[in-house]
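Heads up, the thing below is written out as structure tokens.
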Amino acid sequence: MSRAIGRELGPGDEIVVTRLDHDANVAPWRALEERGATVRMADIDVEDCTLDMGDMARAITANTRLVAIGYASNAVGTINDVAEVVRMAHAVGALAYVDAVHYAPHGPIDVRALDCDFLACSPYKFFAPHMGALYGKRAHLERLQPYKVRPAGNNTPDRWETGTKNHEGLAGVAAAIDYLAELGRNTGGVDATTSRRAALLAAMAAIRSYERDLAERLIIGLLAIPGLTFYGIREPERFGQRTPTVSIRLASCTPHELAARLGEQGIFVWDGNYYALSLTERLGVEESGGMVRIGLAHYNTAEEIDRLLAILHTMTTGA
Ligand SMILES: Cc1ncc(COP(=O)(O)O)c(C=O)c1O
């Protein structure tokens, strides 16, 4: 999609990306510098790893043609004010491209309310197989020229979904959506006759509320661990602005050592930059091993969090 959009860009055109984003929503836009476009990067507030909206406002100019923004950070869990950034982009006539890969399993997405031009996500994040999903406004999908073989259909969506479809993957995505709808019917207080759409909305609301409680238990517990540095939003009253994904460091060991120690105890976390490279560079931790990410989903439990906290406590206090 970035290459197709790039066909409309040239020297003098500007693209805005953010320091909070996964490189998947930075590198493809940077590649358009080959066409003469300029890429600007909106900064973050390092205190709480939120987007610096003042810097975003400065980065967006009359030359901006596209603003690429993540819905939420896969590294520190910050949920961005996407609707506001879309408004800022549209005010100068730029397109708004949203990377919802991290956010999708954690809450409902309403592309019409956001008014974004494009929104991408990866179904494997919401418990389906490896596929890619893209929403785009019809006018753009019909205007932009995709890179495709000539005989492939020229109507939308055929011109974007070229070749033989990944039928087994699509069946898996449909099954994952059914699973989420079922979760909504079981936990969201809606009955079996409810439409799938309503059941999905109920599921995502139930997931959001359950994960918020888990995040609170995790973050309050982490903040009590001696020698622990916590990156991102930490005040419970602001948890509406984050997903239950957090990043930490311990003074006593490297992120890699910490991840290995937790792995030995059956707790799976990831260390490094998790591809959010601009962020670890900005936080000044890239050279020293990045951070350790602990990501929760709706299948995690309070007991698992307590076990993780107990291990961290023993590691840092020896008690
Ligand atoms: C925010 C975000 N964007 C993009 C990606 C990349 O998605 P994919 O692995 O489907 O290329 C990820 C994967 O972790 C992500 O978290």
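Just how far, in whole angstrom, is the stretch 285-300 from the stretch 113-192 if you go by their alpha carbon centroids?
28 Å
Please give, to one decimal in nm, the separation of the simple spin-label points placed at residue 3 and residue 316, each 7 Å out from Cα toward the Cβ.
Rounded to a tenth, the inter-label distance reads 4.7 nm.
If packing is taken as the average number of other Cβ atoms within 10 Å across a peptide's residues, how do 250-262, 129-141 rank, most packed first?
250-262, 129-141
Scale the Cα Rg of the stretch 2-164 by the rule-of-thumb value 2.2 N^0.38 Å and send over the ratio, two decimals.
1.03
Among residues other than residue 13 whose Cβ falls under 9 Å from its Cβ, what is the net charge (Lys/Arg +1, Asp/Glu -1)?
Spelling it out: positives minus negatives among the neighbours equals 0.
Can you compute the modelled spin-label distance between residue 48 and residue 31, with each label point 7 Å from Cα toward Cβ, in nm?
3.6 nm
Add -39500 (n - 2.57) for each DSSP H run of 4 or more in the chain, then divide by its residues: what number comes out at 222 nm, to the nearest 500 deg cm²/dmol?
Taken over the chain, the calculation gives -11000 deg cm²/dmol.
What translational diffusion coefficient, in µm²/s and rounded to a whole number, does the Stokes-Einstein relation yield for the stretch 206-317 at 4 °C and a viscosity of 1.567 mPa s, taking the hydrodynamic radius as the Kirkwood radius over Cα pairs?
91 µm²/s
Averaging sequence separations of C-alpha pairs under 8 Å and six or more residues apart, then dividing by the length of the chain, give the relative contact order as a whole percent.
Relative contact order of the chain: 16 percent.
To the nearest µm²/s, what D does Stokes-Einstein give for the chain at 10 °C and 1.306 mPa s, using the Kirkwood radius over alpha carbon pairs as Rh?
Once the numbers are plugged in, D ends up at 76 µm²/s.
Could you state the principal axis extents of the C-alpha atoms in the stretch 78-226, from the largest down, to the nearest angstrom?
58, 41, 33
Rounded to the nearest 0.05, what FRET efficiency is calculated for residue 286 and residue 179 with R0 set to 30 Å and r the Cβ-Cβ distance?
FRET efficiency, residue 286 to residue 179: 0.20.
Read-outs throughout are calculated quantities, based only on the coordinates presented, and are distinct from any laboratory measurement. All of these numbers come straight from a predicted model, not from anything done at the bench. Because the Cβ atoms are built from the backbone with ideal geometry, glycine has one as well, and the counts that use them run over all protein chains shown.
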